[in-house]
Structure formats: structure tokens, C-alpha cells
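The block underneath contains the structure these notes are about, expressed in C-alpha cells.
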Amino acid sequence: MPEAKRGNARLASDIGLEGFEQIFDGTVDADIAASTATTETATPATTNILTNQDQAEKLLTRLTELIAFSVDQRLENARMGEQLIENQRQLIATQQILIRLMEKSIELTKHISAIEEKLPTIFELPKLVHGLQDRLVQMEGVEIC
């Protein structure tokens with residue numbers, strides 16, 4: 001009987017920390033079962049232990065979910081980063097092709113401009129030839145057919 005009084009006195013003094021060490025031991029379930037077997041009704045401390053254990057389990061579950069979500073986000077970020085790098089490479093390649101096409105366009109424009117400058121002279125050639133034929137006929141008196 002004196003041991004029971006000592007145990008109750010210890011419980012009364014440690015009520016705020018009762019079972020704290022046991023959470024990390026894994027012996028909470030065994031102690032809870034033993035304490036409920038010796039007392040007919042659950043004490044507020046035992047209820048607190050159960051509530052705290054439930055909360056700890058919920059928090060642990062939530063932490064696990066958050067860690068899994070974080071890992072998923074990091075994988076997704078890595079995948080998006082790789083996709084972004086690939087898109088940038090394709091953009092650079094496209095820009096290089098566009099630059100080459102623009103250079104070719106400039107060359108073609110210069111060539112066409114040179115041809116356009118010579119066109120009036122080419123269009124005048126038939127008149128020039130007829131004029132030369134007419135002068136030749138006048139000078140020589142011979143017609144060329």
C-alpha cells in the first residue's frame with residue numbers, strides 16, 4: 001500500500017510530463033493498457049497521453065505527406081528546368097536559322113537591286129539595235145534583214 005501512495009504522489013507531481021519519455025520508447029501502449037487495467041476509469045493524464053499520441057500520429061502523417069509533396073515538387077521543378085533549358089536551346093537554334101535566312105535575304109535583295117538597275121539598259125537594247133541598223137543603212141545604203 002505505501003508503494004501505491006508513492007506511485008500516486010509521483011503521478012501527481014509529474015502530471016505535466018507523464019508519458020513524455022514513453023512516446024519515444026514505444027512503450028506507451030503497454031503502460032496505458034496496464035494503467036487502465038489497474039484503475040476502473042481513465043484518468044485525465046491517460047486521456048491526455050492518448051490525445052497527444054493521436055496528435056503526434058496525425059502530425060507525423062502530415063509531415064510525411066508534406067515531405068512527399070516537397071519531393072514531388074522538386075522533381076517537377078527539375079523536370080521543368082530541363083524542359084526550359086531544352087526550349088532555350090531550340091530558341092537559340094531557331095534564332096540562328098533566322099539570322100542566316102535574313103543574311104540570304106539581304107544578299108538576294110542586293111542581287112535583285114543590281115539586276116533592276118540594269119533592266120532599263122536591257123529594255124533599251126532593242127531600240128539601240130534598231131537605231132544602229134538605221135544608221136548602218138544610211139551610211140552603207142545596205143539593209144540588213
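The values are calculated or read from the model by the stated rules, or taken from the named source; none is laboratory data. Because the structure is a prediction, the values reported are computed rather than measured. In case anyone asks, the SASA skips ligands and DNA or RNA and just uses the protein heavy atoms, side chains included. Shrake-Rupley method; radii C 1.70, N 1.55, O 1.52, S 1.80 Å.
Taking every alpha-carbon pair in the stretch 45-145 and binning the separations at 5 Å intervals from zero gives 3, 9, 6, 6, 5, 6, 5, 5, 5, 4, 5, 4, 4, 4, 4, 3, 3, 3, 3, 2, 2, 2, 2, 1, 1, 1, 1, 0 percent. Extension gain, ILE67 to GLN88, is 4.5 nm, computed as 0.36 nm per intervening residue step minus the present C-alpha separation. Computed with a 1.4 Å probe on the full set of protein chains, the accessible area for ARG79 sits at about 120 Å².
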